[in-house]
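Everything below concerns the one structure shown next.
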Amino acid sequence: MRRRLPPPIVALAAIGAVFISLPAIALAARAPWGRFAEILSGAGAREALRLSLEVSLAATVCAVVLGVPLAWVLARGEFRGRAVLRALAISPIVLPPVVAGVGLLMALGRRGVVGGSLYDALGVQLTFSTAGAIAAATFVSMPLVVLAAEAGFRGLDPRFEHAAAVLGARPGYAFRRVVLPMVRPQLVAGAVLAWARALGEFGATITFAGNLQGRTQTVPLAVFQLLQTDQEGAIALSLVLVVLSIAVLVALRGQITGAS
């Protein structure tokens, strides 16, 4: 039997649904459908779309590779400063993106705390490069992986790991073959959300990596530039991002909702 929901809650939910849907609806209403093919076939749009996919996918891989072990340490480790480490790990979620970009610039820029040594020793310069755009996207998206993975690890009964150890499994083997498969929904959810966040990254990227077409100009940066010269082009590219993000989230909705 379907449970009846309280009318006031339904009314507020309806207002919330309209509010959250309105920007996408407005973009579709104002989209230059007659110029859509022309806009997307332009060299600038093609380059921005290609670069956005490359940067967001690379950033997602980096976020998972670095974020999952960090989440494991936070979930299972007992050490002083764990609360501070957790706060630092998720701080990019609440930091203004431009502040994240400035921090990355001071850390990894050519004259940064670490970036200066990289440049002097290896000639590596992350600023104004695709690698820099990936670093910025990784920084802002990794907390989503950490939060999802840590929740999965904390919800996992430690007895499974103990049983694997009793059967002779080494810690690394038990982690790969027992723990990770059991928290797969949380890992997938974190990776998908990290990808969506990386795909839409703007502030940290433009501050740290710049806005260079073909090198660091992802779709959000291209939209920002087009908004000043070609509003219809900006709307078309914005709509592409909205449709792409929603399509992936809907396709993986079972994985995401299964993580809760």
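Values in this text are rule-based calculations from the coordinates and carry no lab data. Just so we're clear, the structure is a prediction, and the values are computed from it rather than from any experiment. No Cβ is skipped: glycine too gets one built from the backbone with ideal geometry, and neighbour counts run over all protein chains shown.
Between Leu57 and Ile246, what is 0.36 nm times their sequence separation minus the Cα-Cα distance? Round to one decimal in nm. Spell out each step's value before the answer.
Numbers: separation 189, 0.36 × 189 = 68.04 nm, distance 1.63 nm.
Extending this stretch completely gives an extra 66.4 nm.
Run through all the Cα pairs of segment 34-257 and give the fraction in each 10 Å bin from 0, expressed as whole percent. Pairs per bin, as whole percents: 8, 28, 31, 21, 9, 2, 0. Extension gain for Arg46-His162 works out to 36.6 nm (0.36 nm per residue, less the C-alpha to C-alpha distance).
Among the helices of the chain (complete DSSP H runs), which have Cα atoms covering no less than 18 Å along the helix axis and a Kyte-Doolittle mean of at least 1.6? Could you put the intermediate results ahead of the total?
Numbers: long enough: 7-30 (33 Å, 1.85); 43-76 (49 Å, 1.25); 130-155 (37 Å, 1.29); 184-199 (22 Å, 0.84); 231-251 (30 Å, 2.25).
Membrane-span-like by this rule: 7-30, 231-251.
When you restrict to C-alpha pairs under 8 Å that are six or more residues apart and normalise by the size of the chain, the relative contact order lands at 30 percent. Between the beta carbons of Ala11 and Met182, assuming R0 = 45 Å, the FRET efficiency works out to 0.65 to the nearest 0.05. The slack in the chain from Gln125 to Phe79, taken as 0.36 nm per residue of separation less the alpha-carbon distance, amounts to 13.1 nm.
When the chain is treated as a Gaussian network with alpha carbon springs shorter than 10 Å, the biggest mean-square fluctuation among Arg184, Arg80, Arg215 belongs to Arg80. Over the chain, dividing the summed -39,500 (n - 2.57) contributions of all DSSP H runs of at least 4 residues by the number of residues returns a 222 nm mean residue ellipticity of -23000 deg cm²/dmol.
Springs between Cα atoms under 10 Å define the GNM used for the chain, and in it the highest mean-square fluctuation of Gly168, Gly123, Gly214 occurs at Gly168.
By the gyration tensor of its Cα atoms, with a ≥ b ≥ c the square roots of the eigenvalues, what is the shape of segment 1-137: rounded for a/c under 1.5, prolate for a/b over b/c, or oblate? Verdict is oblate for segment 1-137.
For a test of the definition: using alpha carbon positions, the gyration tensor, and the 1.5 limit on a/c, classify segment 145-234 as rounded, prolate or oblate. Before the final figure, lay out each step's value.
Working: a/c = 4.90, a/b = 3.61, b/c = 1.36.
Verdict is prolate for segment 145-234.
By other beta-carbon atoms within 10 Å, ranking Ser245, Ser21, Ser52 with the fewest at the front produces Ser21, Ser245, Ser52.
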